[in-house]
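Presented below is the structure to which this report refers.
The values are calculated or read from the model by the stated rules, or taken from the named source; none is laboratory data. Nothing here was measured: the structure is a model prediction, and the numbers come from that model. Here the Cβ positions follow ideal geometry from the backbone for every residue, glycine too, while neighbour counts run over all protein chains shown. What goes into the accessible areas is simple: the full protein's heavy atoms, side chains included, and nothing from ligands, DNA or RNA. Shrake-Rupley method; radii C 1.70, N 1.55, O 1.52, S 1.80 Å.
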Amino acid sequence: MADIWYPNWWQALILGMVQGLTEFIPISSTAHLRVFPALVGWPDAGASFTAVIQLGSLLAVLIYFASDLRQLLLASWNAWQKRDFHQEAWRLLVGILVGTLPIVVVGLAIKVIWGSPPRQLWVIAAAAIGLALLLGWAEQTGKRERDVHSLGIWDGIWVGLAQTLALIPGVSRSGATITAGLFLNLQRSVAARYSFLLGIPALFLAGGLEFISDFEVEALLSQAVGTVSAFVFSYLSIDWLLQFLQRSSTWLFIFYRIGFGLFIVLGLTLGFLRP
């Protein structure tokens, strides 16, 4: 079995920055954390390191949406006490919880059967381009007429099913969920916000499971630095993306994903990237 590589503190800082800048923008953080080290000659830090530093991205979401989450939980508790399950907050919360189940079930199955998803660059290139085409289709056909008040349990189920595609490196969790949201006729910024909220349980479970199951004292420093770095840059990227999608389409990310995928294919073909 190949030796596990632990980044030093400055490498972890950079990898955390890559994670933070790409986790919530629909271009795939996992793909960039696989390709960037390959470009600069570093070993692959692996799926475990990637999942753990995602906890920094999780913290960024929790802090950025702290007020929204507090209101959601309080209103949902009030709905539970009154047994008024038609309230908007209750439908949103249940949608998030139910929408988390598919990625938990599929993710655990992959963990048990294969250990981790495939991280080959050919897979990442195909996923990057494939999701770009789906996002372009959703951008073209989505009516973008639904706001946050229209979200319900079935939205959580459909977007949650789409979220399982993110287990394929290169797809992007935010990319898959925003695409699903656009197909469901959500406004762009609403689709992004729902993607962030739906990602909270998924990021917590993935990061926590990997940290506990693959705990290594030697990895603590790099994981800590990477997590802090991911938190800072995730917070900045959340704020930027929400403002961007209020005034612009997702075509920037679609073209970027296609270019990114073709760049990987070129690198593999010419030999400056290894599969």
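Per-structure values
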item	result
The listed residue being on the phi < 0 side of the Ramachandran plot, touching a helix residue (DSSP H, G or I) at 6+ places or on another chain (Cβ under 8 Å) and in contact (Cβ under 8 Å) with a residue 40 or more places away in the chain, out of Ala162, Ala125	Ala125
Cβ-Cβ under 9 Å pairs, at least 6 apart or on other chains, the stretch 73-92 side within 18 Å of Ile157 (Cβ to Cβ) and in contact (Cβ under 8 Å) with a residue 24 or more places away in the chain, far side open to solvent by 50 Å² or more (accessible area, probe 1.4 Å) and part of a helix (DSSP H, G or I)	Glu88/Val148; Glu88/His149; Arg91/Ile153; Leu92/Val148; Leu92/Ile153
Filter pass, Phe272 being crowded, with 16+ Cβ neighbours inside 10 Å and aromatic (Phe, Trp, Tyr)	no
Meets criteria (surrounded by fewer than 17 Cβ atoms within 10 Å (Cβ to Cβ), part of a helix (DSSP H, G or I), of a type in the set (Gly, Ala, Ser) and touching a residue at least 12 places away in the same chain (Cβ under 8 Å)) for Gly267	no
Failed item, numbered, when Val105 is tested on (1) free of Cβ contacts under 8 Å to residues at least 24 places away in the same chain; (2) among the β-branched types (Val, Ile, Thr); (3) surrounded by fewer than 18 Cβ atoms within 10 Å (Cβ to Cβ); (4) in contact with a Ser or Thr (Cβ under 8 Å, 6 or more places away or on another chain)	(4)
Condition met for Ile153 (open to solvent by 10 Å² or more (accessible area, probe 1.4 Å), more than 26 Å from Val94 (Cα to Cα) and touching a residue at least 12 places away in the same chain (Cβ under 8 Å))	no
Any hit, the stretch 247-256, residues being in contact (Cβ under 8 Å) with a residue 40 or more places away in the chain, touching a helix residue (DSSP H, G or I) at 6+ places or on another chain (Cβ under 6 Å), over 15 Å from Ser28 (Cβ atoms) and open to solvent by less than 10 Å² (accessible area, probe 1.4 Å)	no
Conditions (1) modelled with pLDDT under 95; (2) buried (at least 22 other Cβ atoms within 10 Å of the Cβ): number failed by Pro201	(2)
Looking only at the stretch 27-76, and only at residues there that are buried (at least 20 other Cβ atoms within 10 Å of the Cβ) and assigned to a loop (DSSP other than H, G, I, E, B), the one that is modelled with the lowest pLDDT	Ala45
